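Structure, as structure tokens:
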Amino acid sequence: MTQDPYEILGVSRDASADEIKKAYRRLARQLHPDVNPDPATQERFKDVSRAYEVLSDPGKRQAYDRGGDAFSQGFGGAGQGFSFTDIMDAFFGGGAAAGGQARGPRSRARRGQDALIRLDVSLAEAAFGVTRDLKVDTALTCEACEGKGTAPGTSPTTCETCHGQGEVAVVQRSFLGEIRTLRPCAACRGYGSIIPDPCRECSGDGRVRSRRTLTVKIPAGVDMGTRVQLTGQGEVGPGGGPAGDLYVEIHVEPHATFTRHGNDLHTTVSLPMTAAALGTSLTLPLLEADLEPAEDSETVTTFDLDVRPGTQSGSEQVIKGFGVPSLRGGRGDLVVSIRVDTPTRLDPRQEELLRELAAIRGEETPDGRVEAPHKSMFGRLRDAFQGS
């Protein structure tokens, strides 16, 4: 087999470093022992790795182009080893170590965590919006060190173990020769520097826990479980890193009169039997009545409901536009259910009048009507498919 590294990688002599790297990646994916265990293929993989070691090093490539022996011990033969990181690049892309992180020292500054708190609001506050002051226990930037983690007048020093690189090389022997891998430096935990004199307030973390007050504006139309995001109001990150986000989860308290279904409000009105038969007019309070009245407010807080004569118990009247405002605009309806109360205690005169009314209407001994129960929408659909 030819020992010309250019021919082994299949590139021209004037190939750029990127072209050489791409050629190596392509061949490594095809020939790696984990992919192709054939002994002949493994030998070729060794040749490809050695060729790449020569051509990826500017000094070794220049020496070879001047006539040197590419695979002599001076050029890094099997005894010299090669970087396992280059093999990882061939499979997972270049410029990143294991895990997809950039090589070199990692920054002490990292983004803080998001935070979640629950806010209890009334139905009116959820419907029309409210502004609240919240007390939040969270991590804040340490004022003593301004997030640096060092005591005043001091600064981090370069790690003597990794010399500021944040990682150290570990060499292992294998059938491929010596494999060199890069691992985070244990002395500095990959930062490349050490804080010899940490800040006493934050113990070198760059942040302290404290309570602060935030003003939160809850938009109109939120519902149970809605989360309002406050960007950058969460936990401050270590080392003075940016803060995460704060999420305010809405919990709507039950209302004594109204229940919410989507953007519609539902309420029930009880009427005496005579009012339902003869018809009447009622003044209903609206949800707006729960709001604190403004000095110059013209908000309508009541509605006059006309009950038609002969209204039956269980009937509904829909009042358009008096429900809950939508987050996307518009407003739901107010649905009023009528419940007719039948008197349970009658004095002799009332009983006499009702018996006279029953006689006039021919209802002294009513037969009653037996009706089929009301079917749900799904029941009606089932009957339609079954042809009933």
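The values are calculated or read from the model by the stated rules, or taken from the named source; none is laboratory data. Everything numeric in this text was worked out from a predicted model, so none of it was measured. FYI the Cβ positions are ideal-geometry reconstructions off the backbone, even for glycines, and counts take in every protein chain you see. The protein model used for the area step is the full one, side chains on, heavy atoms only, and it has no ligands, DNA or RNA in it. Shrake-Rupley method; radii C 1.70, N 1.55, O 1.52, S 1.80 Å.
Among the residues of segment 123-154, which ones are out of contact with any Ser or Thr (no Cβ under 9 Å at 6 or more places or on another chain) and either in a strand (DSSP E or B) or open to solvent by 40 Å² or more (accessible area, probe 1.4 Å) (or both)?
Selection gives Glu125, Phe128, Thr141, Glu143, Ala144, Glu146, Thr150, Pro152, Gly153, Thr154.
Show the residue pairs that are 6+ apart or on different chains and have beta-carbon atoms under 6 Å apart, the first residue being within segment 21-39 and in a loop (DSSP other than H, G, I, E, B), the second being modelled with pLDDT under 75 and buried (at least 19 other Cβ atoms within 10 Å of the Cβ).
Close Cβ pairs satisfying both conditions: none exist.
Would you confirm whether or not segment 192-202 contains a residue that is in a strand (DSSP E or B), at pLDDT below 90 and among the hydroxyl-bearing types (Ser, Thr, Tyr)?
Let us first name the residues in segment 192-202 that are in a strand (DSSP E or B), namely 193-194, 198.
From what is left, the residues that are at pLDDT below 90 are none.
Looking for residues that are in a strand (DSSP E or B), at pLDDT below 90 and among the hydroxyl-bearing types (Ser, Thr, Tyr), one finds none in segment 192-202, hence no.
Among residues belonging to segment 51-81 that are modelled with pLDDT of 85 or more and part of a helix (DSSP H, G or I), point out the one that is surrounded by the fewest Cβ atoms within 10 Å (Cβ to Cβ). Before you say what the answer is, go through the steps one by one.
Taking segment 51-81 first, the residues modelled with pLDDT of 85 or more are 51-56.
Still in the list and also part of a helix (DSSP H, G or I): 51-55.
Values: Ala51: 26, Tyr52: 25, Glu53: 22, Val54: 24, Leu55: 26.
Only one residue fits best here, namely Glu53.
I'm trying to understand the selection: among the residues of segment 234-244, which are open to solvent by less than 60 Å² (accessible area, probe 1.4 Å) and part of a loop (DSSP other than H, G, I, E, B)?
Narrowing segment 234-244 to residues open to solvent by less than 60 Å² (accessible area, probe 1.4 Å): 234-241, 243-244.
Correct list: Gly234, Glu235, Val236, Ala243, Gly244.
Kindly establish whether Ala275 is assigned to a loop (DSSP other than H, G, I, E, B) and open to solvent by less than 40 Å² (accessible area, probe 1.4 Å). Steps first, answer last, please.
Numbers: assigned to a loop (DSSP other than H, G, I, E, B): no; open to solvent by less than 40 Å² (accessible area, probe 1.4 Å): yes.
When the stated conditions are applied, Ala275 does not pass them.
Given the criteria more than 18 Å from Leu140 (Cα to Cα) and in contact with a Leu (Cβ under 8 Å, 6 or more places away or on another chain), does Ile250 qualify? It would help to see each step written out before you state the result.
Values: more than 18 Å from Leu140 (Cα to Cα): yes; in contact with a Leu (Cβ under 8 Å, 6 or more places away or on another chain): yes.
So Ile250 passes the test.
Could you identify the single residue in Leu305, Leu327, Leu282 that is surrounded by 13 or more Cβ atoms within 10 Å (Cβ to Cβ), among the hydrophobic types (A, V, I, L, M, F, W, C) and assigned to a loop (DSSP other than H, G, I, E, B)?
Matching residue, one of Leu305, Leu327, Leu282: Leu327.
What's the total number of residues in segment 342-365 that are of a type outside the set (A, V, I, L, M), surrounded by 10 or more Cβ atoms within 10 Å (Cβ to Cβ) and not in a loop (DSSP other than H, G, I, E, B)?
Total satisfying the criteria: 5.
Kindly indicate whether any position in segment 285-301 is modelled with pLDDT of 90 or more, under 18 Å from Leu265 (Cβ atoms) and either in contact with an Asp or Glu (Cβ under 8 Å, 6 or more places away or on another chain) or part of a loop (DSSP other than H, G, I, E, B) (or both).
Yes; the residues of segment 285-301 include at least one that is modelled with pLDDT of 90 or more, under 18 Å from Leu265 (Cβ atoms) and either in contact with an Asp or Glu (Cβ under 8 Å, 6 or more places away or on another chain) or part of a loop (DSSP other than H, G, I, E, B) (or both).
Could you list all residues from segment 32-50 that are of a type in the set (A, V, I, L, M) and surrounded by fewer than 21 Cβ atoms within 10 Å (Cβ to Cβ)?
As a first pass, look at segment 32-50 and keep what is of a type in the set (A, V, I, L, M): 35, 40, 48.
Across segment 32-50, the qualifying residues are Val35, Ala40.
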